[in-house]
Amino acid sequence: MKMTRIFVAALAALGLSGIAWASTAGQREAEHFHWHNAGPFGTFDREAVQRGLQIYQEVCSSCHSLDLIHFRNLGEAGGPFESAEFPNANDNAIVMQIAAGYMIEDGPDDAGDMFERPGVPSDAFPSPFANPQQARGSNGGALPPDLSLIIKARHHGQDYVHSLLLGFNEEVPADVHVAPGKHYNPYFPGGVIAMAPPLFEGSVTYADGTEATMEQMSEDIVTFLTWASDPHMEARKQMGVMVLLYLFIFAILVYIAYRQIWAKVKH
Ligand code: HEC
């Protein structure tokens, strides 16, 4: 009796995994890439973060917000425009210039009206849409997610977003139905995404003269978003190394102390 039950349960589990497998037709796991910031000693490639910021500003920001990042973060330690000249990021000339390029809604003023003014380093990146309803309305009902933490919010975040951005030009498998206004992308769960391919060869002209190939742009925006999702990564890793070093030295001292204390005890 017990054996039959186990057998039935095993069959059911097999059946379920079969259904799960069938429903993932046309989908693929993210490819694996090498990242400058990976591993316990990995750091951010500053230039890549700067180029990624340019991609965000010129391409992604028309649909995606970046709510958790303030302009001053760009000039803080570990940020793309960190500078010894300006220990206080609010005084950083490049950061001030970037912030001033945005109009920020502020107020109310003395008359109770909202008004617009140029951005300052303490402002956050403004959202492209006034509210989620408006964002959905402009995107065929789909909500472009905030990108501040997207790398952390997805499994294998960097590899996933890089694969996703490069995964648009694939032939649609016969068993995948792509509704009008949607796009096939094997890396997106379900295989059909409401985002049109955002990047094309030469979508931007890089300020630093780097050639704007698809791979380059995708790698740069992913590096920027990785920094955005973990701006203090470098300090955190340095602290980790210091802690390990401290524990190592401490262990040696404890061992010497132990030898001294027990040296007096006769066997
Ligand atoms: C024209 C508007 C538009 C632009 C421009 C755009 N996106 Fe999107 N994006 C969307 C929409 C809409 C979705 C939601 C898709 C869905 O839910 O099917 C989305 C979803 C995403 C997702 C989430 C995928 C997931 O796993 O949920 C990522 C990551 C993303 N976009 C990255 C980017 C990046 C990076 C850029 C700039 C290079 C960019 N997008 C430019 C509209 C846009």
Residue under evaluation Phe7, criteria (1) closer than 30 Å to Asn139 by Cβ; (2) among the aromatic types (Phe, Trp, Tyr); (3) modelled with pLDDT under 95, criterion not met: (1)
So, of the residues in the stretch 151-187 that are in contact with a helix residue (DSSP H, G or I) (Cβ under 6 Å, 6 or more places away or on another chain) and surrounded by fewer than 20 Cβ atoms within 10 Å (Cβ to Cβ), which turns out to be farthest from Trp227 (Cα to Cα)? Arg154
Within the group Gly39, Gly26, Gly101, which residue is loosely packed, with under 12 Cβ neighbours inside 10 Å and modelled with pLDDT under 95? Gly39
Can you find a residue in the stretch 259-266 that is away from the ligand (no atom under 11 Å from the Cβ) and in the same structural domain as Gln50 (by TED's automatic domain parsing)? no
Do we have any residue at all in the stretch 66-76 that's more than 17 Å from Phe224 (Cα to Cα) and either within 16 Å of the ligand (Cβ to nearest atom) or surrounded by 12 or more Cβ atoms within 10 Å (Cβ to Cβ) (or both)? no
If you check Ala111 against the conditions, is it outside the structural domain of Lys182 (by TED's automatic domain parsing), more than 16 Å from the ligand (Cβ to nearest atom) and over 27 Å from Asn37 (Cβ atoms)? yes
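The values are calculated or read from the model by the stated rules, or taken from the named source; none is laboratory data. Source: prediction; values computed, not measured. All Cβ positions, even for glycine, are placed from backbone atoms using ideal geometry, and neighbour counts span all protein chains on display.
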